[in-house]
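Asker: Got a structure for you, questions after.
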Amino acid sequence: MSGTIAPAAAVYAADARLDGVDLQVLAQRLGTPLHAYSASAIRQRIHALQTALQGLDALICYAVKANANLAILDLMADAGLGADIVSAGELQRSLRAGIPADRIVFSGVAKSADEIDDALAAGIGRFNVESEDELNLLQGLAAARNAIARASVRVNPDVDALTHVKISTGKSENKFGVGIDEARAWFADSARLTHVRLDGLHVHIGSQMLSLDPIQQALQRVAAFWHELASAGHTINIIDVGGGLGVRYRDGRDQPIFVKDYAEVIRSTLRGFGGCILLEPGRWLVAEAGVLLTRVVRVKQGRQRRFLVVDAGMTELLRPSLYDAWHEIVPTSHRQGPPQIYDVVGPVCETSDTFAVDRQLPACEPNDLVMIRTTGAYGAAMASNYNSRPFAAEVLLDRGRYAVVRRRQTFEEMIAGEQSARDWDST
């Protein structure tokens, strides 16, 4: 197990504690649904990655989209990490948390002129450019500010990440990045870029990757391109290897990559590179640190199926509805009797509001507390107010203490900004 850390399941004791906090008491005090995150587990992951990268000139830029709560970003800032952002909102969140602007990298295929200008004004470290139109826009906006924008081309290496089709980003049919032929033309014509310093390469082929093979294949193609560009006289100061490391959602089936092995692939593939290597982990840092606490509303026996109806839904955790994703579901009560087969479903008026089908669980009763694991990434971050459901509370746990880091949304807060049609204009 060298180079990795114990799965998050190890922090769950028989009395349902996470990071030293009693989850039963926590749910009684704060209500459900409730997102809870272990600060200790996040720090452990950060330390494991930093240790694996020792000896490399590397900067870890946390992928803010995984979990953008300010308290999570505070942990990243405290550990010296940068941020990988995809919107102006994520830029403001990162700056608010104290992440230095020069450690912020802006990715994404649809950066608007206003977003690019805000990022230039903030002085961010780098733009990962994904189209020629964006490159030209960046040149014009930087020229208007008489600034020099540092940029990397996001290369689409046409590599299958061997992950879910909806989180694969590195094949030629995906919307992300440009092919190597187009990137080569950008560098050949880079003399015209008076206000963009195109001196980096970026690759990110997908998320929740559990095999090193596609990662190595993508990095080999980027390394070959770097050598080609260097031979042609182009200086490459940054190679951004993206993120995408998978985590353990399903015990006994998902086998995450050892972080030490991941770092070794980076070392060997980019051997001889004299610049800085950027990494953009998100899910791997926070997913296993989080749980979603929910209560059983009722047990409903249908004609063919037994439903365990809980008070959390796709509004709190979209992944099962969106990706058919598996999450471990653990009742925290210990009842006598044989296990039962349930479809675990939420209250949202959609058939897809289903967390699990034909899941064998210990017998449950109304008001039992249930824990859904590995929700620290793309849980609260993808929440919605569908069915006029207020956002759930979020709480950070740290060695026996807890702090509410997002209070439960009230109805008035949910409808803030809405109003009846009173003031009419014409075009």
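The values are calculated or read from the model by the stated rules, or taken from the named source; none is laboratory data. Please read these numbers as outputs of a predicted model, since none were measured by experiment. We place every Cβ from the backbone using ideal geometry, glycine too, and count neighbours over all the protein chains shown.
Asker: Of the numbered conditions (1) in the same structural domain as E316 (by TED's automatic domain parsing); (2) buried (at least 19 other Cβ atoms within 10 Å of the Cβ), T269 fails exactly one; give the number of that condition.
Answerer: (1)
Asker: Quick one: in the range 25-67, which of the residues that are among the basic types (K, R) and without any contact (Cβ under 8 Å) to a residue 60 or more places away in the chain is nearest to D84 (Cα to Cα)?
Answerer: Across the range 25-67, the extreme among qualifying residues is R43.
Asker: May I ask you to list the residues in the range 122-138 that are outside any loop (DSSP other than H, G, I, E, B) and surrounded by 24 or more Cβ atoms within 10 Å (Cβ to Cβ)?
Answerer: Correct list: R126, F127, N128, V129, L138.
Asker: Right, here's the next one. Could you give me the residue pairs with C-beta distances under 7 Å whose first residue belongs to the range 133-145 and is in the same structural domain as H195 (by TED's automatic domain parsing), whose second residue is hydroxyl-bearing (S, T, Y) and in a helix (DSSP H, G or I) wherever it lies, and which are 6+ apart or on separate chains?
Answerer: From the range 133-145, no pairs qualify.
Asker: For the condition in contact with a strand residue (DSSP E or B) (Cβ under 9 Å, 6 or more places away or on another chain), surrounded by fewer than 21 Cβ atoms within 10 Å (Cβ to Cβ) and touching a residue at least 40 places away in the same chain (Cβ under 8 Å), what is the one hit in R373, R401?
Answerer: Unique residue meeting the criteria: R401.
Asker: Every residue in the range 226-268 that is of a type in the set (F, W, Y) and in contact with a Ser or Thr (Cβ under 7 Å, 6 or more places away or on another chain), please.
Answerer: Within the range 226-268, Y249, F258 meet the criteria.
Asker: With respect to E182, is the statement that it is in contact with a Lys or Arg (Cβ under 8 Å, 6 or more places away or on another chain), surrounded by fewer than 23 Cβ atoms within 10 Å (Cβ to Cβ) and either free of Cβ contacts under 8 Å to residues at least 60 places away in the same chain or in a helix (DSSP H, G or I) (or both) true? Show your work before the answer.
Answerer: Values: in contact with a Lys or Arg (Cβ under 8 Å, 6 or more places away or on another chain): no; surrounded by fewer than 23 Cβ atoms within 10 Å (Cβ to Cβ): yes; either free of Cβ contacts under 8 Å to residues at least 60 places away in the same chain or in a helix (DSSP H, G or I) (or both): yes.
When the stated conditions are applied, E182 does not pass them.
Asker: Right, something else. Provide a single number: the residues in the range 283-323 that are crowded, with 24+ Cβ neighbours inside 10 Å and either at pLDDT below 95 or among the small types (G, A, S) (or both).
Answerer: Number satisfying all stated conditions: 5.
Asker: Can I ask one more? Pick from the range 103-132 the residues that are hydrophobic (A, V, I, L, M, F, W, C) and without any contact (Cβ under 8 Å) to a residue 24 or more places away in the chain: which of them is farthest from D240 (Cα to Cα)? Before you say what the answer is, go through the steps one by one.
Answerer: Within the range 103-132, the subset hydrophobic (A, V, I, L, M, F, W, C) is 104-106, 109-110, 113, 116, 119-122, 124, 127, 129.
Next cut, without any contact (Cβ under 8 Å) to a residue 24 or more places away in the chain only: 106, 110.
Values: F106: 12, A110: 19 Å.
Step by step, filter the range 103-132, then rank; the result is A110.
Asker: If A380 satisfies every condition in (1) over 23 Å from the mean Cα position of the chain (by Cα); (2) on the phi < 0 side of the Ramachandran plot but one, which is the exception?
Answerer: Only one criterion is unmet by A380, namely (1).
Asker: Take the residues in the range 20-62 that are more than 30 Å from R389 (Cβ to Cβ) and hydroxyl-bearing (S, T, Y); name whichever of them is nearest to the chain's Cα centre (by Cα).
Answerer: Initially, the range 20-62 is screened for residues more than 30 Å from R389 (Cβ to Cβ), giving 20, 40, 43-61.
Then keep just the ones that are hydroxyl-bearing (S, T, Y); that gives 40, 51.
Working: S40: 18, T51: 21 Å.
Among those residues, the one meeting the criterion is S40.
Asker: In the list D251, D261, which residue meets the criterion of being touching a helix residue (DSSP H, G or I) at 6+ places or on another chain (Cβ under 9 Å), within 28 Å of L317 (Cα to Cα) and surrounded by fewer than 20 Cβ atoms within 10 Å (Cβ to Cβ)?
Answerer: D251
Asker: Output the residues belonging to the range 379-427 that are in contact with a Lys or Arg (Cβ under 6 Å, 6 or more places away or on another chain) and not acidic (D, E).
Answerer: A393
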